[in-house]
Each structure stands twice: as structure tokens, then as C-alpha cells.
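See below for the structure under consideration.
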There are 2 protein chains.
Amino acid sequence: MSDQVKFLLNEDDIPKDWYNIVADLPEPPAPVLHPGTGNAIGPDDLAPLFPMASIMQEVSAERTIEIPTPVREIYRQWRPSPLYRARRLEKALDTPARIYYKYEGVSPTGSHKPNTAIAQAFFCKEEGVKRIATETGAGQWGSSLALAGSMFGLEIEVFMVRVSYDQKPYRRAFMETFGATCHASPSTLTESGRKILADNPNSTGSLGIAISEAVETAAQRDDTKYSLGSVLNHVLLHQTVVGQEAMRQMELAADYPDIVVGCTGGGSNFAGLSFPFIGAKLRGEQDVKIVAVEPANCPTLTKGKYAYDFGDTGNLTPLVKMHTLGSAFLPPASHAGGLRYHGMAPLVSQLVNLGEINPTAYSQTDCFDAGITFARAEGIVPAPEANHAVKGAIVEALRCKEEGASRAILFNLCGHGYFDMQAYTDYNSGKLEDYAYDESEVAMALAGLPSIS
Amino acid sequence: MSDQVKFLLNEDDIPKDWYNIVADLPEPPAPVLHPGTGNAIGPDDLAPLFPMASIMQEVSAERTIEIPTPVREIYRQWRPSPLYRARRLEKALDTPARIYYKYEGVSPTGSHKPNTAIAQAFFCKEEGVKRIATETGAGQWGSSLALAGSMFGLEIEVFMVRVSYDQKPYRRAFMETFGATCHASPSTLTESGRKILADNPNSTGSLGIAISEAVETAAQRDDTKYSLGSVLNHVLLHQTVVGQEAMRQMELAADYPDIVVGCTGGGSNFAGLSFPFIGAKLRGEQDVKIVAVEPANCPTLTKGKYAYDFGDTGNLTPLVKMHTLGSAFLPPASHAGGLRYHGMAPLVSQLVNLGEINPTAYSQTDCFDAGITFARAEGIVPAPEANHAVKGAIVEALRCKEEGASRAILFNLCGHGYFDMQAYTDYNSGKLEDYAYDESEVAMALAGLPSIS
């Protein structure tokens, strides 16, 4: 085994194709349904919102989809991202486990999000789109699409949830630095926004409202499309560069993971790392244990139902089959805004349902404890979302210690915490709290699911 | 020439030695003088403050000084840092110049500072030191020493200038995340601090006061040393890993810089990149033009005097020969806190005096304009300090365009701006202003210089 701590690849090693796990699934994904008719919807139904290239990827069953050269050109800025052996963390934990992490924080916006933002912006540009509208919660996705817009000369219009817009002015400044426009949502720019404000002028907004505003904005003009940063098949597809690189880097390390760990919100960073490994397992090439870590106060995979539901709280989107806490459920506040979603990527949900993924849930404070241990050993302060993956990896590493087993653990450190220091300020001053979710609220939200089998 | 955009080296390529430019200078550096006696001071005089290893490096004339293995072990986390060809920036500027930048923002704290923080902490650890005291302005240096402390199990005590302590709570949280203690300066913990507070309970502090507090804290206990993040010879020495790597990476690019650009505050990031290239020139191996960029409102090299002066405003430090605006001069506010220093590293000053370095000065807003151009082309938002280097590089690139000359320009992008988004918020909202320095204040400060030839 190599004694290196950092496994790097060259620009030529950036994957040439995205990997589509649909080709390796034992059965095709459940169809996406029209909320009105209950019928399966096709590419044309999505055409007003997405470029056709993205739509064809969304419904593709091909195992590999070529990454366009201009996208790979921009990936070169930070890809292949490094894979690290966490030797100091191993020592701090006194574990026989070999811990590796793929680090996506080296991207210009500090997370894995540009992997898909660049691709989506490119497909829009190719199809003559001038402007892309999107929503953002904490701002990581909006920043990444803003970056992509600056690379391809596209206008980017971001609807940022009001509470985050006010709390995280630096995220907004970051987007504006790349030339994007950022609106607090609800805004007076859309029918949906004005309606909310008429009812409640002090609305702090929600991701659901912001989605409605972005979708409406995209629909208003022919030259504008909508873009989503997670959940959908094509978004997960774009993230598979992460796992493909990691596979090659594990070869450089002369090792192979026994366990792959990722955090799950919408599912895209998790899928990006794990799908290539799950694919190898599904094809009977190599066994692996896959662990998905979610926040205990938004336990979509561990406490939710695998059923058809809406992607947004406003119930404007098509119906998808996924693990869900019910679209009416509003997850309690936490610093891991990127994991605060009632649903889950349909492909991740299908694999959980097949027993290929082991979902776990940990509290925010437990995850921050793990993040601090990691930061002091490895020198990188993880994003609050990534702390969940760190926690999952540490749990597995300590299990190795208990059992005296030397396993290789690989996790996705999907982003750094430079923009999330308020969370660490709260932690350091003992003010970080765990807000439990309301079980009766979830029960009600689940009871209200559309009745489709 | 390679068509790559990113030139990476392996862990094995981390330099084995630091490069000491003193060996290649035509004459030895001017001696450091005791402020009371005016006599040259020796290693023993510095022993209460610094570990002996650092002191011996401070006075060394050896060309190479071996980097201890434990320091290289930690460097492996992010070193060798990438060198980029800025192809999209070249295109945006429509210049025939080939622009390269060395990117130090990949370090755990986002700048070049850990290169010396790790080394200094290691030497303290080796000599049985338990605690290190230091000052920090905007917080970049304090964060890096905090990181180094967590790596070697040392207590780190940071005195942070009160105004920054209040304005940049996230920097403090960052230091605390690594386990350091951060005090607002002036504090009640030291004689110097209490004295200032007695005179002015609302004092917003200054770097000079913070230095006094840190030095006093180091002197209070035998197990405590003091550490400085720039200016001194050994600090510049540690940064030469940057330039040495860049030389090898330029070889990978099958190119050599005609022009090397860096920003100058205390001088360490600038020296880190440029000294190996200046050394090659001094040894007659390869010609190069060296450009130092400083803020127009703290124009140490372009408007200062090359003379003996104190390193701090309290006039407690030894006297060093350097370019200075006078230790009594308080530079006006700017977002480039790391460049807001009345003096300059003696080695940089000596080379400016020898005509080996071309100093230039640009206003904050000009530098931010350049930084925005860079961010939108290259996708990385530079630190306000680094914007000065970006500006210098763009000026040279546009000169190439004007003259139809295809030169290779290399600059040091010494840090990212993730912790400096208030500056970009101000810029984006048109509120970024240039505060001119008071010429009569500088004239008075210069008139007050100690009369030593």
C-alpha cells in the first residue's frame, strides 16, 4: 500500500463519460407522473423548463454518457479533485481502519455543486438559452450556477430563501461577484412571490417558495430555463465524475474501499461518490458496503416512506417515487441547509429500497463533534453537511477498532466550511442546538401523500 | 508548450530544502540593532522570544536549509500547491501574454501563511515550548498558527486587533475550531493592554499594540514563545517552497517567466514566490523582471525611505534596515489588512535598493476591478491582498498586448477571498472606497526615524 497522503490525477484522467447507474439497476426507475392525470410524463413535458440534452440524460438508460469537451475544459480548473488518506485522523482515533476522503472543497465555490452547474449551463448555452433561473437555500448551489454563468456568458437569476438571504450576505456577494443577480424570496417579481407576500409581508421564505419563483421566472421568457442542483437523475449523473476519479485514486493507493460513506440531502454528492462503486457491485465485480448519513431531524431515508410525492411544498412539480417525509413537512432549522429536504433523489431511494444502501441518521451536534475532531487532525474545516459524512466515517472507523478489523473507509468530504463559520461560532460557544422534528407533523404529511401505488 | 491549465507535482516533489537568498546577495544584510545601544544584536538577544532553530535561520548565510521531515509531512496535505495557466483570463484580456499563477489558496487556512506557521510551531515543539503567542490583524496569520498548534499539540494564544475581532467573528471562530484562544486586543491580560485601555477604554487596537501584547505574553512564561507571520528572514525563508515548486512547474509547462509578480505587505508571500527566481538571476542563470505591488495608500516601497526603523508602533522591537513609512504612521483602512504595514521585510527592501525588484502601487478599487475580472474568468475569488498581484499581472499582460509581445507572466495568488466577502459586498454595492494616506503624517513619521546611518 502506498504511504502517500494525497492521491492526485492529471487533467487527462478527468473521466471522459458520466456513469449512469440506471444501466446497472435490476429494474428500471419508476416513471415520473403528471400530478393532474397520473400518467407518465415524457421529455416534451419537461422541455419548457430544461434544455433537451439534460432531459435526454434524465430519461437515459445508457451506461455512459460522454462529457462534452467544453465541460471537461472547465472541470480542468479543479478536477480531478484530490483523494486523501486521513492518516492523522486514523491516529487520533487510534483505529486500524484506513480512512480515505475525496475532497470536493477544492472547486471554485467550495463544493461538488459546480460538477453539474457547469454541465447544465453548457447545455443551456448550446441550445440558445440566455438566462437560467434557480432557487438556492444556503447559497452553495446558487454560487455554483453563478460561476457556471460567468464561464458561459449566461445571465443567472437566483431566488434565495429570505432567511438565508438576510443571514448569509456573503453568499449573495459571492454570487454577485460572478455577475449573477440574487433576489430574496419571496419576491415581488413573480406571481407566486407576490401571493405569499400579500398573505404575509414578513415571510422568511422556503425552498418550496423559491422553487416556485424560479420555475415561474423560467416559464415567463422563452430564452430562460430552470436549473436544479440535486435530486434529478441528470444531476446525479454529472456528479459521478467524483466516484470515477475516486476509483482510480484508490487504485493509486493500491486499495479498495470496504465501506463508502456520503451525506444525503437531495442525494447528489452521495450518488456522485457512491454510484460507480454500487455499479461495480451490481455488476458483480466488487463488493462494498454503502452508508448514507442524514440529519436526525430530517430523516428522509430512515423514517420516511418510499412513495410518490411532490418535489416542492407548493405541489407544482411532477410526482416522483422517492423516500419522503411528505412535501407538507417543513424540516426544523439546522446549519446543514443542504440536507434539509423532505424528499430524496429517486435513484438513491430505489437503491435504498433494494437494500444496496444502509441509511443512518445522526444529530447535528454529534456531527459537529466529528467535524471538529476531523478539523483538528486533518486541518480542513468541513461544511456542516459534510460533517455528517465525517461522522459516518468515524463511526465505521471506531467499529473497526472495536472489532480489531482493518477496513478501508472512503467518504465524500463534499465541501469546506469557510462560508459556514456561524455554525462553528455557535458550536464553539456551546450554542449549537439540536431541534427535533415534530413526529406528528411528519405523520400528517405522510398521511397526505398522493394515493398512487 | 503544454496545453494544460494545471501543473501539479507529487508529494515527492515538495522541496527538501528552503532556499536562503542571503547566500546569493552581493553583500550581507544590514545588521539588526539594539534600540538602546545601537549595537548589532546576536542570537542570544532573541532567545527569549523565538526558538533557537528559527533564530539560527534568521542569521544564516547558507544557501539551503533542510526542511525537517515532520514539517514536510504536514506540507503534504496541500503541497505542492497547483500552478495554473490562466487561459480564460488571457482570452478575456485578449493578450498575447502567457499568464500563470501559483495558487496558495488550497492550504487549509486559504493562504500561504501555513508554510511558515507549521515550521515555526515545529521548532517550538522540538525545543519543549508549550505555548505560542502571536498577534493577528485580519486573522489570516492567527488562523494559520492555530492550525499549526493543532497539528503539534501546542497552545496558541492570539491577540487580534479589536476592530477586526469585532468585524470578523468568523476568523475568530476558525481559530477556535482549531483549538486556539483568541483575545481582542487591547486586552486586560497584559500590562501593555491595560495601559492602553486605561487611556482609552474604547480603543479599537492596532497591530502595534497587539504585537506588544503577544511579546509581553511570551515573556511572561518560560514555556511560551512568540511568533511572527512575515517580515523576518526566517519567515521569508519558509515561504520559498512556493517559488521552488513554481520553478519546477514552469518546467512542466515548458516555459519560464519573463515577469514575476507578487503583492507586498510584510513581504513574505512575495519573497516566497520571487526569491528563487531572483536567486537564479543573481547567480547569472536566468534573467527575470520582478514586480512588487503594494497598496497606493500604504506605499512603503514606492514612497518610503530605506532606513533603520522599529518593526512596531510601540517601538519595542529591535531596529531593522528596511523601507518604511515611519513606525509612527498608521496606514488608512482598507480591506487588504495583510498589506497594511508601515515597514517591509529587510531582505525585500535590500533587493529593491539593489534595483532587483520593481515596486509599483495601485489603489484598492483598481485592484478590486482586476480581482473581479480574474474571478469571472478563472472562477476563483482572490483575497483583497492577492488582488494587488492580479492587478500587477494584468497591467503587464495589457502592456504585452500594446507592444505585441508574448511574455510569460507568473504571479502569486496567495489566498482566496472566502473570508473577505464583506469587501466584495462593498464593491458590488458601489461602496468600496479608496482612503488616501495623509502625506504630512508620513512626512512627520519619516522625520521621526531613529538617526542611524
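Give me the compactness ratio for chain B, meaning the Cα radius of gyration over 2.2 N^0.38 Å.
Scaled against compact globular proteins, the figure is 0.91.
How many square angstrom of accessible surface are buried between B and A, both sides summed, with a 1.4 Å probe and rounding to 100?
Counting protein atoms only, the buried area is about 4000 Å².
May I ask you to work out the translational diffusion coefficient for segment A:11-88 at 25 °C, viscosity 0.890 mPa s, via Stokes-Einstein with Rh from the Kirkwood sum over Cα pairs, reported in whole µm²/s?
158
Among DSSP bridges having both ends in segment B:278-369, what percentage is antiparallel? Round to the nearest 5.
The antiparallel proportion sits near 55 percent.
So, with +1 on the Cβ of K and R and -1 on the Cβ of D and E, and no other charges, what is the size of the charge dipole of segment B:37-140 about its Cα centre, to the nearest 20 debye?
For this selection, approximately 800 debye.
Tally up the carbon and sulfur contribution to the accessible surface of the protein assembly as shown as a whole percent, 1.4 Å probe, everything protein left in place.
49
In peptide A:179-185, what is the residue-averaged number of other protein chain Cβ atoms found within 10 Å of each Cβ?
1
May I ask you to compute the full-extension gain from B:Asn39 to B:Thr365, defined as 0.36 nm times their residue separation minus their alpha-carbon distance, rounded to one decimal in nm?
Extending this stretch completely gives an extra 113.0 nm.
Sum up the charges of everything whose Cβ sits under 13 Å from the Cβ of A:Leu236, counting Lys and Arg as +1 and Asp and Glu as -1, but leave A:Leu236 out.
0
Let's test the formula: R0 of 35 Å, r as the Cβ-Cβ distance of A:Arg194 and B:Ala436. What FRET efficiency results, to the nearest 0.05?
FRET efficiency, A:Arg194 to B:Ala436: 0.15.
Indicate the gyration tensor shape class of segment B:94-200 (rounded, prolate or oblate), computed on the Cα atoms with a ≥ b ≥ c the square roots of the eigenvalues: a/c under 1.5 is rounded; otherwise a/b larger than b/c is prolate and the rest oblate.
Oblate shape, in that a/c is at least 1.5 and b/c is the bigger or equal ratio.
With all pairs of different alpha carbon atoms counted, what Kirkwood hydrodynamic radius in Å does segment A:215-292 show?
Taking every pair of different Cα atoms in segment A:215-292, averaging 1/r and inverting gives 14.0 Å.
Within 10 Å of each Cβ of B:141-148, how many other protein chain Cβ atoms are there on average?
1
Scanning chain A for trypsin sites (Lys or Arg not before Pro) in DSSP loops with at most 15 other Cβ atoms within 10 Å, what's the longest stretch left with none?
A:284-430
Could you tell me what percent of the DSSP beta bridges with both partners in the protein assembly as shown are antiparallel, to the nearest 5?
Taking every DSSP beta bridge with both residues in the protein assembly as shown, the antiparallel ones total about 35 percent.
Mind checking which lysines have their C-alpha under 29 Å from B:Lys16, skipping anything on the same chain fewer than 8 residues away?
A:Lys6, A:Lys91, A:Lys102, B:Lys6, B:Lys102, B:Lys113, B:Lys125, B:Lys130, B:Lys225, B:Lys281, B:Lys289
Would any residue of segment A:68-87 have its amide N under 12 Å from a label point 7 Å out along Cα→Cβ of B:Arg248? List them or say none.
Backbone N within reach: none found.
Can you work out D for segment A:303-428 in µm² s⁻¹ from Stokes-Einstein, where Rh is the Kirkwood radius over C-alpha pairs, the temperature is 25 °C and the viscosity is 0.890 mPa s?
151
Note the distances from A:Arg63 to each other copy's matching label point, with points 7 Å along the Cα-to-beta-carbon direction, in nm, sorted shortest first.
Values, ascending and in nm: 5.6.
Give the distance, in whole Å, between the Cα centre of segment B:221-271 and the Cα centre of segment A:227-264.
Measuring centre to centre over Cα atoms gives 36 Å.
Inter-copy label distances at B:Ala198, 7 Å along the Cα→beta-carbon direction, one decimal in nm, shortest first?
Computed spacing set for this position: 6.8 nm.
Over the Cα atoms of the protein assembly as shown, what Rg and Dmax result, in angstrom?
27.6, 93
How far is B:Glu251 from itself in the other copies, in nm, if each label sits 7 Å out from Cα along the Cα-Cβ line, shortest first?
Label-point distances to the other copies, shortest first: 2.8 nm.
Quick one: length gained pulling A:Ala92 to A:Asp287 fully straight, 0.36 nm per residue minus the C-alpha distance?
My answer for the length gained is 67.4 nm.
Rounded to whole Å, how close does chain B get to the rotation axis onto A by Cβ? Give me the residue too, please?
Looking at chain B's Cβ atoms against the axis toward A, the nearest is B:Tyr418, 2.
Rg (Å, one decimal) plus Dmax (Å, integer) for the alpha carbons of segment B:313-386?
15.3, 46
Name the GluC sites (Glu not before Pro) in segment A:102-170 that are in a loop by DSSP and that have at most 14 other C-beta atoms within 10 Å, would you?
A:Glu127
The values are calculated or read from the model by the stated rules, or taken from the named source; none is laboratory data. Quantities reported herein were computed from a predicted structural model and do not represent experimental measurements. Please note: Cβ atoms are built from the backbone with ideal geometry, for glycine as well, and neighbour counts cover all protein chains shown. Ligands, DNA and RNA are excluded from the accessible area calculation, which covers all protein heavy atoms including side chains. Shrake-Rupley method; radii C 1.70, N 1.55, O 1.52, S 1.80 Å.
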